[in-house]
1. What distance in nm lies between label points placed 7 Å from Cα along the C-beta direction at Gln199 and Met54?
2. Starting with the fewest neighbours, write out Thr62, Thr103 ranked by other beta-carbon atoms found within 10 Å of each beta-carbon.
3. Using the basic label-point model (7 angstrom from Cα toward the beta carbon), what is the Asp140 to Ser72 distance in nanometres?
4. Would you mind checking Lys64/Lys184; Lys146/Lys206; Lys74/Lys170 for any pair whose Cα atoms are more than 30 angstrom apart?
5. Could you give the nm distance between label points at Ala65 and Asn161, where each point is 7 Å from its Cα heading toward the beta carbon?
6. Apply the a/c threshold of 1.5 to the C-alpha gyration tensor of the range 35-75 and tell me whether it is rounded, prolate or oblate.
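Where a number appears in this text, it was derived from the coordinates with a stated rule and is not lab data. Just so we're clear, the structure is a prediction, and the values are computed from it rather than from any experiment. Don't worry about glycine lacking a Cβ; one is built from the backbone with ideal geometry, like all the others, and counts go over all protein chains shown.
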Amino acid sequence: MRKFAVIALLLILSGTVIYAQDTTRQAGKNKFRKDLSLTTQQRDQLKSINEGYMKSAQEVRTNKALSDPDRSSKLRELSTDREGKVKAVLTPQQFDTWQQQRTIAQERMGKMRKMKDGKGRKDGDKFGKKATASLGLTADQQQQLKNIREEFKTQAGTIRNNTSLDDAAKKEQMQTLKKGQQEKIKSTLSAAQFEKYQQVRNHRMKRMKTLEKQQDRDLPGKTSPGKS
């Protein structure tokens, strides 16, 4: 039962991480566009290229008929194809910057994944046990939080993969979704539990921001684009 409580709390807290990542991702997109100095035409062309890539990649990922090696191979082909299309749209200097920024994003995502495995998972378990003990969740509350988290994850994925929405619309819908999730959590917990939950969530957010800053300092080309 205690293990289930830890898992339930970690799941609901990870909703905060997803929202923070979406916010960070949007800020990264804005900086990326600024660094490239894109024209309106280039922005529209890149948007079309990326939307086509995301749609095709999602179809490959959800194709159960593909083996894991075939799926990986097709995703690499899609990535190579996208890179060629992007190169045709950008100037040589812009393309160099695009490649540098893509490398930064890939390395950041790699480090974020490590938080879910190995030492990151062990640290998360320790954090979750402390948080669960402080909240004093009942079995019913644990199940309700788990259901809230799973619902949020599904709806957030739908928003992110909706190619008919622009970035502003996605951000607005994510904010609304997050607000609704917090209201559901608040109605599930007692006033004292919700206050402690907010403290735990704020602590988690601070840790995430600290990690992102460390990643920014460690990644090549962050402070001096164009230099390795």
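1. Once both label points are built, they end up 3.9 nm from each other.
2. Thr62, Thr103
3. 4.7 nm
4. Lys64/Lys184
5. Reported label-point gap for Ala65 and Asn161 is 1.8 nm.
6. The shape class here is prolate.
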